[in-house]
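So the structure is just underneath, and the comments pick up after that.
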Amino acid sequence: MLTVWGKNNKKRYRGNGFCDGFSRRSFLQIGGAAMGGLALNEILGMESNVGIRGSQKAIINIYLPGGPSHLDMWDLKPNAPSEIRGEFNPISTNVPGMQICEHFPRLAKIADKFAIIRSLSDSDGAHDCFQCMTGHRKGERGPSGGWPTAGAWVSKLTKGNDPAIPPNLAMMYQTGNRTWGDPYQAGFLGAQHNPFNMVGRKAREKSDNMVLKGISLDRLRDRESLRTAFDQFRSDVNMSRKMSGVDSNLDQALGILTDSKLGDALDLSKEDPKILARYGKSEEKFQRDGAPKMIENFCIARRLVEAGARYVALNYSRWDWHGGDGMNFPRSREEFPLLDAGLSALITDLHERGLDKDVSIVMWGEFGRTPKINNKNSRDHWPRANAAIVAGGGMRTGQVIGETNKFGEEPAKRPVKFQEVFATLYHNMGISAHREDDRVFDGSGTPRYPVDSGIEPIHELI
């Protein structure tokens, strides 16, 4: 990895910094090919794409690592026995007949601006973000070269507005459980469409990254300082032989890094303080083996799509609470209000800025939770039922798609697959699920499409 460190923002974070002493705005990472990220020469060699031009159409994919409880958040069962209904009550929203958990009062006030999918039916069941990134189960037989992520399809089939903003961006923290923080790759679409991951974890940076020391985000415009740092970087690279192709693209790389757009989008000091306050205050430490509670990343995701990104994936906090501590309900009381503030602020921002027709949001986890509460007052893994929130993208919101049976065990009406959700998001981007123009051949010469044959967008939403 190639990293540009920024200065500690003591005014905002009072010197506490990130989990390892750096502030939230303290780094900008440029993925390296040796670590499976996006190499500078691959970024700069992106082929000319076809598709959407001159618009702000984009997707924000919010992944909640660990499997959030569908029953305690979006699909409460108040008439079920106590060992199923849990400790929370449903509240009404501004959409008649649509109820959600009492700890989401802000979202309840804007329920007309999002839709709940209560009947995701094909969760893999593994603690892994792969299905939320690709739509495919990790264990299923894949194409030659591997399944691409949704961001890779968007990168391949659309064109960014600005060469300084890679179309496929990620804020996927490197979690202790690796499969919760892996943005995954472009598969048979090629490394030039890999995600451009901008965050990491300092505990691993010494071995995984090349670091441009002394260059802060507010000095990205200083080409001389950057050139000196790049010269040192190039020397280090030549000595370590970990990367290639840096020399030939040095000037272009400087062009990307010194353009103010990406740095400005990541710099929350440039955001209206009143807007930023809506999102709530991030907690800058990792949640055991999960991601940090960086709720302000929701705001950064919006800033990135405004700057020209087509796809932004991020992981947020840790949602696996069924261990020996029995923390399902106490942790829910802590987590739900922060998520309520962050997601409601993001949705509201899109509407206030006129982006609600162009920018789609999906928020989900890898599976749901057991209807029956275990003997530790928690819920275990449950792939038979899962839920998702979708918003924006010009979709018909203010509705619930599907329903589970009376105990929330499995879909009773309108089962939905992960790929159907992605087909809907692609449709919002102007990408057809099966159009020949959107066909790509994998490494074996087999034609592939963004979703499998027979998968269509969710008709209730489009």
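The values are calculated or read from the model by the stated rules, or taken from the named source; none is laboratory data. From a predicted model like this one, the values you see are computed outputs, not experimental measurements. Cβ sites come from the backbone with ideal geometry, for glycine too, and all protein chains shown count toward neighbours.
Quick notes
- Of all residues in the range 96-155 being under 23 Å from the mean Cα position of the chain (by Cα) and of a type in the set (K, R), the one that is surrounded by the most Cβ atoms within 10 Å (Cβ to Cβ): R118
- If you go through the range 300-335 and keep only what is at pLDDT below 95, in a loop (DSSP other than H, G, I, E, B) and within 19 Å of T158 (Cα to Cα), you end up with G308, A309.
- Count of the range 84-99 residues which are closer than 22 Å to D356 by Cα and either in contact with a Phe, Trp or Tyr (Cβ under 9 Å, 6 or more places away or on another chain) or of a type in the set (S, T, Y) (or both): 1
- Near pairs, Cβ below 9 angstrom, 6+ apart or cross-chain, from the range 433-444 (farther than 14 Å from V154 by Cα) to any residue that is among the β-branched types (V, I, T): H434/V451; H434/I455
- Exactly one residue out of A265, A291 is modelled with pLDDT under 90, buried (at least 20 other Cβ atoms within 10 Å of the Cβ) and under 23 Å from the mean Cα position of the chain (by Cα), and it is A265.
- Test result for P148, of a type outside the set (S, T, N, Q), in a loop (DSSP other than H, G, I, E, B) and modelled with pLDDT under 95: no
- A single member of I401, I373 is more than 16 Å from L120 (Cβ to Cβ), in contact (Cβ under 8 Å) with a residue 60 or more places away in the chain and surrounded by 21 or more Cβ atoms within 10 Å (Cβ to Cβ), and it is I373.
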